[in-house]
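One structure is given below, encoded as structure tokens.
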Amino acid sequence: MVLMNVMRIVAPCWRPSVEGENSSRGGDASGRADGLLWYKDSGHHVSGEFSMAVIQANNLLEDCSQLESGPMSLVDSGPQGTFVGVYDGHGGPEAARFVNQHLFQNIKTIHGAEFTSENHGMSADVINKAFLATEESFLSLVEQQWNVKPQIASVGACCLVGILCNGYLYIANAGDSRVVLGRLDKSSKEVKAIQLSYEHNASMKSVREELHSLHPDDPQIVVLKHKVWRVKGLIQVSRSIGDAYLKRTEFNREPLLAKFRLPEPFSKPILKAEPTIAVQKVCPEDLFLIFASDGLWEHLSNQEAVDIVNNCPRNGIARKLLKAALREAAKKREMRYSDLKKIDRGVRRHFHDDITIIILFLDSHLISRSCSRGPLISIRGGNGITGSANN
């Protein structure tokens with residue numbers, strides 16, 4: 001309720017930060033779509049350069065993403081920074097699209113409401129509150145649409161967020177998307193891959209142990225099904241936004257499809273929406289960040305991805321990394337990459353998932369000038385994908 005009141009007050013004063021040459025209005029500034037591929041080969045954010053690429057595999061693109069550079073608050077004197085969001089939808093695109101429309105705005109609103117002269121910076125608490133506010137809003141939407149669109153209760157999204165602000169990097173993750181840092185090792189002069197996000201996939205022993213500790217009376221909280229660990233035998237991740245059928249027992253009934261309904265009601269949410277958050281100061285050896293949905297990491301290791309980014313020109317590097325993953329996907333099925341490109345959406349999902357990649361290059365000189373005003377950018381990845389093959 002407090003958040004809604006604040007939004008009513010500040011909303012009339014807010015305008016989208018999309019005015020510069022890199023805005024998402026028109027032309028190449030908003031990226032280009034080519035069949036199942038969307039890309040923005042290069043651009044500038046407050047603290048350096050960036051590159052983005054998206055490939056569709058599902059009948060409907062279930063990945064959503066955004067890059068916002070400029071004010072991180074609705075307060076005029078607030079800090080400038082760069083926000084990256086990668087939202088990997090499952091069961092449908094609705095949850096990922098909802099997060100794409102609301103999470104960043106919630107962060108700006110909550111940060112503005114808590115902004116004081118003593119606390120100018122971003123914080124893990126602000127990010128956590130924004131995740132939970134977005135979750136509550138989506139669950140309210142599910143409740144509103146329950147009678148006419150019950151399947152929305154089975155739709156969810158893994159949410160990865162990165163915020164670069166005041167010389168600090170904030171990483172928040174709920175699900176199994178991943179961000180990897182390319183850092184220069186001064187002794188070996190090599191660029192090493194460092195994973196910054198903690199993942200919540202039931203394939204990890206630590207995630208299964210956490211689920212057992214949270215649900216000690218449920219021996220079926222995780223089930224090995226077709227050689228894959230799944231929460232309640234249904235879903236691979238233990239944290240997400242959405243998936244209302246595993247969070248509120250009132251959605252565990254008809255008219256939801258039987259394959260999603262659990263045989264018994266549950267007393268507390270099975271999945272969580274709270275992200276795992278890490279905060280660290282950016283150092284001069286930190287060269288770039290690779291944000292990507294799980295579809296990329298199914299085919300490339302952290303170090304392989306970092307080596308490709310480090311050894312290739314920056315312009316179009318997200319597309320090049322995407323192509324490397326698709327080549328690996330084709331190789332696993334003993335087919336040529338040229339043949340994979342001919343496979344259309346839907347059928348393509350049998351070879352690889354939707355993949356979203358956002359690469360941020362870090363300029364230590366720009367990062368150190370935390371009060372500088374850089375380009376104002378707002379880009380939504382994947383807009384304009386037509387859904388035909390040949391990519």
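The values are calculated or read from the model by the stated rules, or taken from the named source; none is laboratory data. Keep in mind the model is a prediction, meaning the values are calculated, not measured. Please note: Cβ atoms are built from the backbone with ideal geometry, for glycine as well, and neighbour counts cover all protein chains shown. We work out accessible area using only protein heavy atoms, side chains counted, and drop any ligands, DNA or RNA first. Shrake-Rupley method; radii C 1.70, N 1.55, O 1.52, S 1.80 Å.
Table for the structure above
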quantity	calculated
Top positive-direction residue, dipole computed over the chain with Cβ charges, set Ala325, Ile152, Ala124	Ala325
Net charge dipole size for segment 160-280 [Lys, Arg +1 and Asp, Glu -1 on Cβ; Debye, nearest 20]	300
Residues with amide H under 5 Å from that of Tyr168, placed H, sequence gap 5 or more	Val282
The chain: relative contact order as a whole-number percent, Cα under 8 Å and 6+ apart	29
Listed residue pairs exceeding 19 Å between alpha carbons, taken from Lys232/Lys259; Lys205/Lys281; Lys40/Lys189; Lys205/Lys225	Lys205/Lys281; Lys40/Lys189
For Ser123, residues with placed amide H under 5 Å, excluding near neighbours	none
Over segment 211-320: Kirkwood hydrodynamic radius from C-alpha pairwise inverse distances, Å	17.5
Spatially proximal lysines relative to Lys108 (Cα-Cα < 19 Å; intrachain offsets below 8 disregarded)	Lys129
Net +/- balance of residues flanking Tyr87 in space, Cβ distance below 12 Å, scoring K and R +1, D and E -1	-4
Heavy-atom SASA rank of Thr249, Thr109 (probe 1.4 Å, accessible area, largest first)	Thr249, Thr109
Mean separation of Cα contacts under 8 Å (6+ apart) over length of segment 96-233, as relative contact order %	13
Sites Leu366 and Lys281, calculated FRET efficiency, Cβ-Cβ separation with R0 25 Å, nearest 0.05	0.95
Total charge dipole magnitude, segment 273-388, about the Cα centre, Cβ charges on Lys, Arg, Asp, Glu only, Debye to nearest 20	560
Label-to-label distance, nm, for residues given as Glu136 and His350 (7 Å Cα→Cβ offset)	4.5
Hull shadow area, averaged, segment 269-317 [alpha-carbon convex hull, nm²]	5.6
Charge dipole magnitude, Cβ of K and R +1, D and E -1 - the chain, Cα centre, debye nearest 20	840
Cross-link partners of Lys272 among aspartates and glutamates (Cα-Cα below 17 Å; sequence separation of 8 or more within a chain)	Asp88, Asp125, Glu135, Glu136, Asp176, Glu199, Glu209, Glu210, Asp218, Asp243, Glu250
Reference-scaled alpha-carbon Rg (2.2 N^0.38 Å with N residues) for the chain	0.97
Segment Thr249-Glu298, extension gain: residue separation times 0.36 nm, minus the distance between their alpha carbons	14.4 nm
Additional length obtainable on full extension of the chain from Glu114 to Lys205, 0.36 nm per residue less Cα span	29.0 nm
Interchain or long-range residues, amide H under 5 Å from Val222's placed H	Lys232
Inter-label distance, nm, simple model (7 Å from Cα along the C-beta direction), Lys149/Lys189	5.7
Cα shape, segment 100-247, gyration tensor, a/c 1.5 rule	oblate
Sites Lys225 and Arg327, calculated FRET efficiency, Cβ-Cβ separation with R0 30 Å, nearest 0.05	0.50
